[in-house]
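This report concerns only the one structure given below.
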Amino acid sequence: MDHLRESIHALQEEEIKEFKTFINRQRKKKERRDLDLFEILREETEYTREELLGLLYPEGIKNLDAYHATRKRLIKEIHEFIHIRQMRQDPTMDAKLASGLSLTKFLLQQKREESAWHFFRKTEEMGQKANDHHLLNKLYSLGIEYSLSERAVPIEELIEKKQECQRLLAVEENAKTANYLIRHRLNKSLEQGKELDLDKLVRETLQAYNLTEEVEKDLKLQFHLIEISRSVALARKDFHSFLPYILEVYRKLEEDNRFNAYNHHLKVRLLYIMAHTLFRSRKFKDAETFANLLWDALQAHGKRYYKEYYQKWNLLMAVIKSYLGKVDECVELLEKSLEQKEAFLNKPDLYNTYVHLSINYFYRHEYEKALVNGMKLDESDAHYAKLMGKEWLMKKQLLEILNHFELGNPDVVETRIRSLERTYKNLFERPLYKRIKTFLSIIKRLNNRPHIAHTDEFIKLVEGSMEYWEAEDLQAMTFYCWLKAKMYNKPYYELLVDEVNALQAV
């Protein structure tokens, strides 16, 4: 992979225009090979090194050393441009604290003590608001270094603050480690199809890292606990239990005015988690409300987090609309999003957008279109299983089976079902996934004898197999409603929208 090319393709149109201005800021050269290389690498075609040399030096003199020097210069310019642009757009602590620390250090070195200690206190105040223990630790170290200064903060105070700062840094690192450890073990258990005692795992991990009492005191630590709890909810598909907790956390933080410009990224993340949790809990109107609050938050503070969250917001808003009966609006949002694939900052968001577009084509009876769209996900199954998880891959394949069923391809359906039963044999033994195994066996029976869909025997079989389907997650309901539409000869999408909105969680 050409990492320089990847970096260039990550830039948006507005950023490309700004970069061209930036790279020409000194205007010392009439010819700029680095800009020529930039334009070549922007093209959709991915050239070999020999082809790049030919395009960059059309006069025929292919100087490999000069080419490498040009690449290094272009990389340096891009890194500098991105760094400056992010600092300029960053209204949060990251840029302000860094500049405050630098200014304090410079003034201390220049013996401008009154101004230096004035900015020291200003930077400390901002750092405390942002809970940025890493930068505060540097600030206190600087203060201790210059503690002999006439206007210095007393060294005892500085040492005490630094020690507390270092303790909080250690706690924060432990919280991060605990979060990643729990998520890692959850993913491993899902990948291997093994049961995991989640309550025990969370409890023992928090105790091992001495986090049980600390989380209430620090906003960042509280967010690590939220992420841990959400990982458990996602694994169990138990969004109904997670929802009251996350709503109470948000209410309390808003009530206590804990959010500000300096921790805005935490508010953005929390709003996204809440909108998604409300969606998975089938509270679609409330989910739409919080998705709109998230949109407002993305516009605030210089749109600092807009690029990072836009595709996530767009996908979430699209699927909310889908379950509110606005399938055409959903498809329009997803199609427009995929017209700018380069805007996706990570592969999971891109893959999820493709899958949800296929799902909504399926809702509109556009089965061929759904299959063609799905074929654009052309990496190996092993790639998707590793990045997205086996469950995600299984549901993608299950959607393909349903499309082939609707298109009247019984042989394909039979072959695909057998393949799924072999591939996910271990996963189907887990309680959460046994229902999917049952669902496959019902499709197999229906595939062999489509006329039985309306018989009392078949209806009794389906309803008996899915007696607890209401307690399952939204995706399981989606599959069940497809069977119910077949049983009662009703339009699938209309029935689905009625069912999921009638059974809102209390």
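The values are calculated or read from the model by the stated rules, or taken from the named source; none is laboratory data. Remember, it's a predicted structure, so these values are computed and weren't measured experimentally. Positions of Cβ are generated from backbone atoms using ideal geometry, with glycine treated the same way; all protein chains shown enter the neighbour counts.
Here are a few things to note about the model shown:
- Matching residues in the stretch 241-253 - criterion: being crowded, with 17+ Cβ neighbours inside 10 Å and within 15 Å of Arg282 (Cα to Cα): Phe242, Leu243
- Residue check, Asp65 among the acidic types (Asp, Glu), surrounded by fewer than 15 Cβ atoms within 10 Å (Cβ to Cβ), modelled with pLDDT under 85 and not in a loop (DSSP other than H, G, I, E, B): yes
- Annotation: of all residues in the stretch 274-332 being outside any helix (DSSP H, G or I), without any contact (Cβ under 8 Å) to a residue 60 or more places away in the chain and not charged (D, E, K, R), the one that is surrounded by the fewest Cβ atoms within 10 Å (Cβ to Cβ) is Ala300.
- The criterion of at least 2 residues that are of a type in the set (Val, Ile, Thr) is met, among helices (runs of 4 or more DSSP H) falling completely within the stretch 340-414, by 347-363.
To keep it simple, each residue is scored yes or no on (1) touching a helix residue (DSSP H, G or I) at 6+ places or on another chain (Cβ under 7 Å); (2) at pLDDT below 80; (3) closer than 30 Å to Gln299 by Cβ; (4) not assigned by TED's automatic domain parsing to the domain that holds Ser7.
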{"site": "Ala95", "(1), (2), (3), (4)": "yes, yes, yes, yes"}
{"site": "Thr104", "(1), (2), (3), (4)": "yes, no, no, yes"}
{"site": "Gln109", "(1), (2), (3), (4)": "no, no, no, yes"}
{"site": "Glu114", "(1), (2), (3), (4)": "no, no, no, yes"}
{"site": "Thr123", "(1), (2), (3), (4)": "yes, no, yes, yes"}
{"site": "Leu135", "(1), (2), (3), (4)": "yes, no, yes, yes"}
{"site": "Lys138", "(1), (2), (3), (4)": "yes, no, no, yes"}
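- The C-beta contact set for the stretch 132-158 (first residue more than 19 Å from Ser99 (Cα to Cα), second residue aromatic (Phe, Trp, Tyr), distance under 8 angstrom, 6+ apart or interchain) comprises Ser149/Trp117; Arg151/Trp117; Ala152/Trp117; Ala152/Tyr146; Val153/Trp117; Val153/Phe120; Leu158/Tyr140.
- Index of the failed condition, Glu342 passing every other in (1) closer than 23 Å to Met274 by Cβ; (2) acidic (Asp, Glu); (3) within 20 Å of the chain's Cα centre (by Cα): (1)
- If the condition is being touching a Phe, Trp or Tyr at 6+ places or on another chain (Cβ under 8 Å), closer than 22 Å to Val355 by Cα, aliphatic (A, V, I, L, M) and at pLDDT 90 or above, then the stretch 397-451 contributes Leu398, Leu399, Leu402, Leu407, Val413, Ile443.
- Flag if Lys347 is among the basic types (Lys, Arg), without any contact (Cβ under 8 Å) to a residue 12 or more places away in the chain and over 19 Å from Gln475 (Cα atoms): no
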